[in-house]
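S.K.: The structure under discussion is supplied below as structure tokens; questions concerning it will follow.
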Amino acid sequence: MWRALTRLPRDGRDTLFLLAVITWVALPLIQQVPLWCSLMGAAVILWRGSLAWRALPLPGTAWRLGLLALAVAATWMSYRTLLGRDAGVTLVVVLLTLKTLELRARRDAFVVFFLSFFLMLTQFFYSQSLLTATAMLLALWGLLTALVNAHMPVGKPPLWQAARMAGQMTLLGAPIMLVLFMLFPRLAPLWGLPGDAMTGRSGLSASMSVGNIASLALDDSVAMRLRFTGQQPEPTQMYFRGPVLTQFDGKRWTAMPWPDADLHPMPTQLVVQGEPLNYQITLEPNQQPWLLTLDATPQPPKVPGSTPRMTHDLQWVLTRPVTELLRYEATSYTRYLADVDAPRTQLRPNLRLPLGFNPRTQAWAQELQQSHPDPAARVQAVLQHLRTGDYLYTLEPGLYGRDSADEFWFDRKLGFCEHIAAAFVIVMRASGIPARVVTGYQGGERNTLDNFWTVRQSDAHAWAEVWLAGRGWVRVDPTAAVAPGRTGSLQRLQTPRGALTSALLGSVSPAFALNMRAAWDAVNNRWNQWVLNYTQQRQLDLLKNLGFESPGWEDLLYILWSIVVVASLASAAWSAWERQRQDPWLRLLVRARKAFAHAKLQLPPQSTPRQLIELWRQHPSLQARYPQLRTWLLQLEALRYSQPKPQQAASFKQQCHALGRQLKRMGR
Amino acid sequence: MRWLHPLRFLKNRFAKWLQNRMPLADRITLNQRNVYIIPTRAGLMLAVTLMVLLLASINYQLNLGYLLTFLLAGCALVAMHVAHATLRGLTMHLEAPDACYMGATAQFVIHLQNTRKSPRFGLSMSVQDTGHWVDTDVGAQASATVQLAFKPPRRGLQHLPTLTLQTLFPLGTFRVWAIWRPAAQVLVYPAPEQHAPPLPTHGSEEGHQASPAVHTLGEPDGLRPYRRGDGLKTIVWKKAAKTGELVSREHTNLQTRTLVLEPQLTQLSQTEAQLSRLCAWVLLAEKQGVRYGLRIGGHNLAPANGLTHQQRCLQALALA
């Protein structure tokens, strides 16, 4: 196979290489484009590959136009539009693969290159991870190699030669990239983001129907990373507050709409105690306005470029959804009192239950209210019931019907945190205690390499808050009662491994796998901190470190411009220097002319060695002074004008050098 | 009317200006002064692509997109330098072509010398405005040879046409080129007339004086060793095959015939046609071993024989 490949004619080999590069560029998009697009692309590339392999002629225009029409029609069927991000990506993939069918002239090759660059950029809509970056760097290398190879028209140069050239260019281009990346002003989006720009990412949402968080538990992707400066928290205190769900319609829990900030500037009474926890969070984009913070955060988190505000249920929200990696700093206190003196009207929404749902739970709540008149004792009784009632914490509790709380408490006794929390809040409300469901993340994983905590989607959690007179809102995690390990030591239910992961990791010890994952996470985190999170704020910070008082983007341009000017001056100086040392032979001639100038002889401008010999012959004084000059000039002439032997090419400079030394000796 | 085409006019003026500032030389070393660079259409397309990538990166706030765009821009910048360096420092020298007949192509050889420690790829040379490119690579510290040909447009001594050397290496985004006006000249003889009539029986007066009828065939020829300038016909090939030495017949008899060729003998009116026929006759006379002279313009070549004489006659015809 390899032999046949190396024996392939130049054209076939180059085409196969380019097809391989195109496949590499388009492959990560398989998850994004419809199935027909992947199949069609693969078929076309295989077809083109086999044509190149057997050196057969390319298909006619009818084929290409037909396939193009088919692809456009299929795109329309899939998306009902040809515009927008997803339809656009699909079309570019189709165009790129179809373009290979007429890949002959150099211009066609260029079209393939430019389309490939667009495809590379579209990958970043879906993922900007280190893995994607590495894959695309390889793709860039491959494309440049193919391009360099296309411009080596003679013979059949080995591909590694082009690859080396491309590699060198990339390495030399990297410093330019770095300078531009650091200093190019980060502008705001020029026009609105299309609606579909950021779909396909999971996370918490403003509503919860039973089963939401269970699906998140299977999602291993990172929700946020954080680092504590100073004191580290206890695992049991790691509750990151997200959407607070107050309204319940029997099926879905939803957040209360929050009124305008102007009307309720600081609606929650919050009293904090104890030592603060200072930390910095890097939040992955989640399309939601919530800023996740530890309970409770009295001061607004420091977000570059905007001021978050607090709602009446202790959440911090931004005015716009988080659509890009966001870094903010916050200070939290794990001991706090919230809304101790809340008026009854404010608590009323936390007591509402839809009519006609969960009758058995309501009845049970009435009993509890009579047997435990003290609300705090009632809460403890229900938790005790959870602990001792053979309830089970599981990811697969099965489908719940209409009266989900009834089913949970009395029939199935199986549930994930959201079932448990929801059922708990229903009992509380039915027994007259204001209660609400809080969603967010609980726990996280500390990377011992760089001390960053990673919070994953699988750490998504739901818990309850009850309002007790004199204590305000108190967090109650009923899941902890069912499965203490979930919150105490941050145990997670094992998500089922895929067949591939099992095959890859089957023989690896779990500890080693965990260490590998920790190292990978640390690298990924660096990537996030330094590359993806390089925002305008960081740029301006950089300028501050450079000594600018109040830096703005004009200063960035100023520095960028200065670098360009300095670089051009340096290159101009270099080229002047190179021109000076350009021709050692001409410099020798100039030196020889000096000898004549000493003898006060008029020289014709740009005289040749032959003319100098003639002059030398006519002037006895010169002959007496430099008897060797004639031979020397003849040698000089021979050096330039005799037939060069190829092997002499290297020694031309050396010969000039030797002649220069001779001239020096003559002058003495 | 040339102001109606200001662009073409400017272009021509620019080309003329470039040519005129270029000294004639048979050896040229390329440097910053005589190497030019301009982006190709593909290069402009790359610039547009970069702008679009940058816009997309700004609009979608993709830091990785910025990285890709800037890396690509960096590579393009490096490629510009690489392209320029592919020609810069290259030394070329030219071997003057042999004289040729009008209508034939004159071939000449160019040696490219690379003193650099890395190879130069994708060089192409052409005679300006012909569009025929000859590609070559020059290895590290090596030289390469390129053979070019052109059809001289007229008869006589003339300069070689302007040559162009260019490269698109490495990315095809920049065209780097140099033009070169060689100092070497090529002598172009008139085209020998095809199917020319036989040699005139009466030359001019001198031909008459030497009676053309002294053909004493059958008389044994005297032999002597080959001398330069002897015609192929006079060589005794049989003898040469046996002994391995070239031996010529003494033209005791043939030498008697002498012709002096003149334009009037051609009985043609047009100068070029006359020269063509004279050229054909010179070749024919040399082939037949006839002593021939040439009287044309200021030239007056006494009758003689041999390749040197033939060359002298052809030169006279070329410059007539």
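S.K.: Would you please give the residues with an amide H less than 5 Å from that of A:His461, counting only those at least 5 places away or on a separate chain, with H modeled from the backbone geometry?
M.R.: For A:His461, the qualifying residues are A:Gly440, A:Tyr441, A:Gln442.
S.K.: Continuing with this model, one more query. For chain A, what's the relative contact order in percent, using C-alpha pairs closer than 8 Å and at least 6 residues apart?
M.R.: Normalised by residue count, the contact order of chain A is 11 percent.
S.K.: Put A:Glu465, B:Glu272 in order of accessible area, largest first, 1.4 Å probe: what do you get?
M.R.: B:Glu272, A:Glu465
S.K.: Then there is this: Using only Cα atoms, find the angle between the long axis of helix B:63-87 and the longest principal axis of chain B, and express it within 0 to 90 degrees, rounded to the nearest 10.
M.R.: 20 degrees
S.K.: Give the relative contact order (percent, whole number) for segment B:91-173; include only Cα pairs under 8 Å separated by 6+ residues. Show your work: numbers first, answer last.
M.R.: On the way: 158 pairs, mean separation 27.4, N = 83.
After rounding, I find 33 percent.
S.K.: A further question follows. Quick one: which residues, 5+ away or cross-chain, put their amide H under 5 Å from the amide H of B:Ser248? H built at 1.01 Å from N.
M.R.: Under 5 Å from the amide H of B:Ser248 lie the amide H atoms of B:Arg224, B:Tyr226, B:Val236, each far enough along the sequence or on another chain.
S.K.: May I pose another question? Quick one: net charge around A:Ala296, please, counting Lys, Arg +1 and Asp, Glu -1 for every other residue with C-beta under 13 Å from its C-beta.
M.R.: Details: positive: A:Arg241, A:Arg335, A:Arg475; negative: A:Asp295, A:Asp313, A:Asp339, A:Glu465.
Spelling it out: positives minus negatives among the neighbours equals -1.
S.K.: As an exercise, find the ratio Rg/Rh for segment A:37-141 from alpha-carbon atoms, using the Kirkwood inverse-distance average for Rh.
M.R.: Values: Rg = 14.7 Å, Rh = 14.9 Å.
Across segment A:37-141, the Cα-based Rg/Rh ratio is 0.99.
S.K.: In square nanometres, what is the average projected area of the Cα convex hull of chain A?
M.R.: Values: hull surface 184.0 nm².
The number I arrive at for chain A is 46.0 nm².
S.K.: Mind checking the alpha-carbon convex hull of segment B:142-205 and giving the volume per residue in Å³? Spell out each step's value before the answer.
M.R.: Numbers: hull volume 12.0 nm³, N = 64.
Hull volume over Cα atoms, normalised by residue count, gives 188 Å³.
S.K.: If you don't mind, there's one more thing I want to ask. Dividing the Cα radius of gyration by the Kirkwood radius, what Rg/Rh value follows for chain B?
M.R.: Details: Rg = 29.8 Å, Rh = 24.7 Å.
In chain B, Rg relative to Rh is 1.21.
S.K.: Please arrange A:His372, B:His159 by accessible surface area, largest first, computed with a 1.4 Å probe and ligands excluded. Provide the component values of the computation, followed by the final result.
M.R.: Working: A:His372 60, B:His159 85 Å².
Result of the area sort, largest leading: B:His159, A:His372.
S.K.: Accessible area of A:Met165, 1.4 Å probe, to the nearest 10 Å²?
M.R.: Only protein atoms counted, so the area is about 30 Å².
S.K.: Next up: Rounded to the nearest 500 deg cm²/dmol, what is the calculated helix-only ellipticity per residue at 222 nm for the protein assembly as shown, with -39500 (n - 2.57) per DSSP H run of length n ≥ 4?
M.R.: Details: 31 runs with 431 residues, N = 988.
My calculation for the protein assembly as shown gives -14000 deg cm²/dmol from helical runs alone.
S.K.: I need the phi-derived Karplus couplings for segment A:337-342: 6.51 cos²θ - 1.76 cosθ + 1.60, θ = phi - 60°, integer Hz, Gly and Pro marked x.
M.R.: Per residue, the Karplus-derived 3J(HN,Hα) values read 10, 10, 6, 5, 9, 5 Hz.
S.K.: Going by Cα centres, segment A:550-579 and segment A:593-640 are how many Å apart?
M.R.: 46 Å
S.K.: Here is a further query. Can you pull the percent of the protein assembly as shown's accessible area that's carbon plus sulfur, 1.4 Å probe, other chains left in place?
M.R.: After summing per-atom areas, the C and S share lands at 59 percent.
S.K.: If you fit an axis through the alpha-carbon atoms of helix A:536-546 and take the longest principal axis of the Cα set of chain A, what angle between them do you get, 0 to 90°, nearest 10?
M.R.: 60 degrees
S.K.: How much of A:Phe181 can a 1.4 Å solvent probe reach, expressed as accessible area in Å² and rounded to 10?
M.R.: The value for A:Phe181 is about 10 Å².
S.K.: Using the structure shown, select from A:Lys600/A:Lys653; A:Lys600/A:Lys664; A:Lys653/B:Lys16 the pairs with a Cα to Cα distance greater than 26 angstrom. Could you put the intermediate results ahead of the total?
M.R.: Working: A:Lys600/A:Lys653 30 Å; A:Lys600/A:Lys664 19 Å; A:Lys653/B:Lys16 35 Å.
Where the Cα-Cα span goes over 26 Å, the pairs concerned are A:Lys600/A:Lys653; A:Lys653/B:Lys16.
S.K.: Using only Cα atoms, tell me the angle between helix A:359-371 and the longest principal axis of chain A; keep it within 0 to 90° and round to the nearest 10.
M.R.: Computed tilt is about 70 degrees.
S.K.: If you don't mind, another one. So, by mean Cβ neighbours within 10 angstrom, what's the order for A:60-73, B:75-88, A:297-310 with the highest one leading?
M.R.: Values: A:60-73: 13.4, B:75-88: 21.8, A:297-310: 16.8.
Result, highest mean first: B:75-88, A:297-310, A:60-73.
S.K.: If you average the alpha carbon positions of segment B:254-320 and of segment A:150-190, how far apart do those two centres end up, in angstrom?
M.R.: After rounding, the separation between the Cα centres reads 66 Å.
S.K.: Further question on the same structure: Pull up all non-local amide H partners of A:Ala223: gap of 5 or more, or a different chain, and H-to-H distance under 5 Å with H placed in the peptide plane.
M.R.: Answer set, sorted by chain and number: A:Val455, A:Arg456, A:Gln457.
S.K.: If you don't mind, there's one more thing I want to ask. Report the full-extension gain for the segment A:Gln269 to A:Leu131: residue separation times 0.36 nm, less the Cα-Cα distance, to one decimal in nm. Don't skip to the end; give the middle numbers.
M.R.: Numbers: separation 138, 0.36 × 138 = 49.68 nm, distance 4.57 nm.
Gain on stretching A:Gln269 to A:Leu131: 45.1 nm.
S.K.: Now for a separate question. Per-residue accessible area for B:Lys16 at 1.4 Å probe radius, Å² rounded to 10?
M.R.: Accessible surface of B:Lys16 is approximately 130 Å².
S.K.: If you average over every viewing direction, what projected area does the convex hull of the Cα atoms of segment B:4-94 give, in nm²? Each step should come with its number before you reach the end.
M.R.: Numbers: hull surface 35.0 nm².
Over every viewing direction, the Cα hull of segment B:4-94 projects on average to 8.7 nm².
S.K.: Between chains A and B, what is the buried accessible area in Å², counting both sides, with a 1.4 Å probe and ligands, DNA and RNA left out, to the nearest 100?
M.R.: So the total buried area for this chain pair works out to about 5600 Å².
S.K.: Students sometimes get this wrong: rank A:Asp11, A:Asp339, B:Asp26 by accessible area, probe 1.4 Å, all chains present, largest first.
M.R.: A:Asp11, B:Asp26, A:Asp339
S.K.: What list of whole percents do you get for P(r) of segment A:354-489, with Cα-Cα distances grouped in 5 Å bins up to the one holding the largest distance?
M.R.: Result returned by the calculation: 2, 10, 19, 22, 20, 12, 7, 4, 2, 1, 0.
S.K.: Here's something else I'd like to know. Can you give the mean number of other chain Cβ atoms that lie within 10 Å of the Cβ atoms in peptide A:141-154? Present the calculation step by step, with values, prior to reporting the outcome.
M.R.: Working: counts 1, 0, 2, 5, 0, 0, 8, 8, 1, 6, 11, 7, 10, 9.
Per residue, the average neighbour count from other chains is 5.
S.K.: Cα centroids of segment A:344-396 and segment B:120-174: how far apart, whole angstrom?
M.R.: 92 Å
S.K.: Return one whole number: the accessible area per residue of the protein assembly as shown in Å², for a 1.4 Å probe. All intermediate terms of the calculation are to be shown ahead of the outcome.
M.R.: Values: 49590 Å² over 988 residues.
Accessible area per residue: 50 Å².
S.K.: When the Karplus curve 6.51 cos²θ - 1.76 cosθ + 1.60 is applied with θ = phi - 60°, which whole-Hz ³J(HN,Hα) does each residue of segment B:290-299 get, with x for Gly and Pro?
M.R.: So the J values, rounded to whole Hz, are 7, 6, 9, x, 9, 10, 8, x, x, 7.
The values are calculated or read from the model by the stated rules, or taken from the named source; none is laboratory data. Quick caveat, the model's predicted, so the values are computed rather than measured. For neighbour counting, all protein chains shown are included, and Cβ atoms are generated from backbone atoms with ideal geometry for every residue, glycine included. Side chains are part of the model used for accessible areas, which takes the heavy atoms of the whole protein and leaves out ligands, DNA and RNA. Shrake-Rupley method; radii C 1.70, N 1.55, O 1.52, S 1.80 Å.
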